[in-house]
Amino acid sequence: MYRIIGVDGRQYGPVNAEQLRRWIAEGRANAQTQILAEGATDWKPLGAFPEFAGHFAAQPPPPINPVTGSHLRATNALATWGMIFGILALVCCCPKILFGALGLVFSLIGRSQINGRPDVYEGRGFAIAGIVLSVLGILFALFGWIILTAHPEFYNMHYHRY
């Protein structure tokens, strides 16, 4: 004979093993249902009793859901390189247009990848900074080129001092 704790937290019984088997078949008791065998002092799950263990269908393992969140997102490498080339476009003096163009292309592709897969990539700020810095680097290079082309004496005055 057994006593059982129902889902409502109340004790039921005593009931015999055949009644428990019927309740298992009806879905009114499962492997986690707490029962107390006659003469025992500890409550145990119904599945722990060998006489009932074969009556439970094998439980499929819980589904594994992909974990999402910022702890799994990677900073987009193209956005990072775009920002680096954007900084170089502003700081370096000679290949401003080359660095600016590379920074702009990398940043735009990186931003597109981030927007397409926000669950995988982060780094939107890097991409935007790369775009802004690259455009500024290109504009400064073009402005400098226009000044030097229009006023060659400016170049001679600053770079060829005698």
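Does the range 62-79 contain at least one residue that is within 30 Å of Gly6 (Cβ to Cβ) and either touching a Pro at 6+ places or on another chain (Cβ under 7 Å) or open to solvent by 80 Å² or more (accessible area, probe 1.4 Å) (or both)? Within the range 62-79 (the criterion being within 30 Å of Gly6 (Cβ to Cβ) and either touching a Pro at 6+ places or on another chain (Cβ under 7 Å) or open to solvent by 80 Å² or more (accessible area, probe 1.4 Å) (or both)), the answer is yes, since at least one residue qualifies. Of the residues making up the range 123-149, those that are farther than 14 Å from Gly100 by Cα and crowded, with 17+ Cβ neighbours inside 10 Å number 2. Checking each residue in the range 1-30 for being at pLDDT 85 or above and open to solvent by 90 Å² or more (accessible area, probe 1.4 Å) picks out Met1, Arg3, Arg10, Gln11, Glu18, Arg22. The residue of the range 106-134 that is farthest from the chain's Cα centre (by Cα), among those that are in a helix (DSSP H, G or I) and among the basic types (Lys, Arg), is Arg111. Screening Gly100 against (1) buried (at least 24 other Cβ atoms within 10 Å of the Cβ); (2) more than 21 Å from Phe143 (Cβ to Cβ) leaves a single unmet condition, (2). Residues that are surrounded by 11 or more Cβ atoms within 10 Å (Cβ to Cβ), part of a loop (DSSP other than H, G, I, E, B), over 44 Å from the mean Cα position of the chain (by Cα) and without any contact (Cβ under 8 Å) to a residue 40 or more places away in the chain: does the range 35-44 have at least one? Yes: one or more hits.
The values are calculated or read from the model by the stated rules, or taken from the named source; none is laboratory data. What you see is a predicted model, and the numbers here were worked out from it, not measured in a lab. Neighbour counts are summed over all protein chains in view; Cβ atoms, including those assigned to glycine, are modelled from backbone coordinates with ideal geometry. The protein model used for the area step is the full one, side chains on, heavy atoms only, and it has no ligands, DNA or RNA in it. Shrake-Rupley method; radii C 1.70, N 1.55, O 1.52, S 1.80 Å.
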